[in-house]
Amino acid sequence: MMNKTYEKGIYIHIPFCVHKCIYCDFLSAPAGDAVKYAYTRALINEIRNTADGQVKDKITSIFFGGGTPSVLPDGCIADILAAVRDCFDVLDDAEITMECNPGTVNESRLSEYRDAGVNRLSFGLQSADNNELKMLGRIHTFEQFEESFRLARAAGFNNINVDLMSAIPGQTEATLENTFDKVTALQPEHISAYSLILEEGTYLADNIDKFPPVPDEEEDRRMYHITKQILGNAGYERYEISNYSRPGFECRHNLLYWNRGEYYGFGCSAAGFTENVRYSDIRDVKKYIELNGDIGKLHENIEILTKEDAMEEFMFLGLRMMQGVSVSEFQILYGHTIEEVYGSVLNKWQNTGYLIRQNGYIRLTEKGIDVSNVIMADFLLD
């Protein structure tokens with residue numbers, strides 16, 4: 001039995017949705033209530049079996065992702081969180097986030113989530129333009145989002161994120177600006193603003209010629225800078241390449257990811273990272289239910305990280321944050337100075353103005369953010 005407790009996070013995957021969006025490559029699909037209840041039981045058993053015989057880890061954040069967690073039947077979220085509290089030491093101030101789609105919540109559901117301990121909601125809006133929403137296969141209008149947002153506020157949620165997307169087929173700078181104007185007027189505490197990625201195997205990627213043109217790379221970068229300007233003027237601070245918040249409302253669960261903190265992954269396809277091992281659960285929902293929490297058979301893609309793997313992750317995850325990576329922390333963790341390992345790469349990008357070293361941190365400059373994927377690839381060790 002372990003005799004030391006650690007602070008960790010928990011990610012819980014709910015692989016169900018009302019309708020599969022045309023751009024989505026996450027594990028998600030519609031299902032009936034019988035399947036959802038059976039999945040919930042198997043999920044609870046996985047949680048209990050993972051914690052069995054161990055000293056309770058302290059949990060600082062819990063994140064329900066999907067899919068659409070808010071499509072689970074009444075009582076399921078409460079039952080899952082009750083099992084988590086039975087098995088782990090969930091801190092009183094833990095951040096507990098639940099993803100929701102507009103139109104899948106109502107007054108009673110929101111009250112249930114609050115009573116169960118959920119204290120942060122994340123609405124997947126994507127756009128305030130109803131034509132763009134319809135094209136993307138979203139199940140809601142902007143007006144339905146407004147109503148869901150109002151209900152969430154009335155239920156007592158004072159920490160709400162809104163997901164927004166740029167580089168949508170046919171999107172213009174004007175429609176993007178209109179989306180940000182409408183959303184910031186509601187004053188959510190956090191906004192995640194991502195560029196659409198055409199993922200192989202999605203309906204959109206496979207049929208892209210049937211849709212309006214996707215903004216090109218130059219237009220995409222202009223949209224990124226428009227996003228930063230509008231959100232900055234509205235009082236949001238960019239703390240990660242694609243995430244903005246009001247002061248004190250940074251997403252603690254995401255910060256845990258980017259700082260290489262440990263977290264359990266529960267549910268079909270959920271990823272976890274504990275004791276220097278990365279893993280994910282099987283992707284087959286039917287098989288996941290049949291295994292009923294047998295953790296010896298649930299985990300796949302198990303990877304024990306080497307020191308080199310860890311150093312790579314430290315750099316390309318840490319550089320996503322605006323504060324960058326800590327020079328002193330790198331040496332403490334890995335026993336080498338950052339210059340000993342990455343001196344030539346750092347010199348290359350610092351001398352050309354894409355990286356800057358300041359106050360003990362190395363971070364991307366504004367023009368470095370524009371080519372961040374290229375820079376981060378340079379930190380992969382041969």
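Values computed for the structure shown
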quantity: Scan of the stretch 168-195 for residues that are in contact with a Leu (Cβ under 8 Å, 6 or more places away or on another chain) and within 24 Å of Cys251 (Cα to Cα), ordered by number; calculated: Thr179, Phe180, Val183, Thr184, Ile191, Ser192, Ala193, Tyr194
quantity: Residues satisfying the stated conditions in the stretch 172-201, i.e. at positive phi and at pLDDT 95 or above; calculated: Gln187
quantity: Unique residue being among the charged types (D, E, K, R) and surrounded by 16 or more Cβ atoms within 10 Å (Cβ to Cβ) when the list is Glu290, Glu312; calculated: Glu312
quantity: Residue in the stretch 132-139 that is under 21 Å from Arg246 (Cα atoms) and β-branched (Val, Ile, Thr) present; calculated: no
quantity: Contacts under 9 angstrom Cβ, first residue in the stretch 296-315 being basic (Lys, Arg), partner modelled with pLDDT of 95 or more, 6 or more apart; calculated: Lys297/Ile282; Lys297/Lys287; Lys297/Leu291; Lys307/Tyr334; Lys307/Gly335
quantity: Residue satisfying all of: in the stretch 346-382; in a helix (DSSP H, G or I) and aliphatic (A, V, I, L, M); farthest from the chain's Cα centre (by Cα) among these; calculated: Leu346
quantity: Residues within the stretch 264-297 that are over 22 Å from the mean Cα position of the chain (by Cα) and not hydroxyl-bearing (Ser, Thr, Tyr), tallied; calculated: 11
quantity: Elements of type strands (runs of 3 or more DSSP E) contained in the stretch 224-325, each with 3 or more residues being more than 29 Å from Asp163 (Cα to Cα); calculated: 299-304
quantity: Selection from the stretch 129-144 of residues that are in contact with a strand residue (DSSP E or B) (Cβ under 8 Å, 6 or more places away or on another chain) and modelled with pLDDT of 95 or more; calculated: Phe142
quantity: Odd one out for Arg252, checked against (1) in the same structural domain as Ser61 (by TED's automatic domain parsing); (2) over 18 Å from Ile10 (Cβ atoms); calculated: (2)
quantity: Extreme residue, farthest from Leu291 (Cα to Cα), among residues of the stretch 41-73 that are modelled with pLDDT under 95 and of a type in the set (Asp, Glu); calculated: Asp57
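Residue-by-condition table, conditions (1) farther than 22 Å from Phe273 by Cα; (2) of a type in the set (S, T, N, Q):
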residue: Met311; (1), (2): no, no
residue: Leu317; (1), (2): no, no
residue: Met322; (1), (2): yes, no
residue: Ser328; (1), (2): yes, yes
residue: Glu340; (1), (2): yes, no
residue: Val345; (1), (2): yes, no
residue: Asn373; (1), (2): yes, yes
residue: Met376; (1), (2): no, no
residue: Leu381; (1), (2): no, no
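The values are calculated or read from the model by the stated rules, or taken from the named source; none is laboratory data. Nothing here was measured: the structure is a model prediction, and the numbers come from that model. No Cβ is skipped: glycine too gets one built from the backbone with ideal geometry, and neighbour counts run over all protein chains shown.
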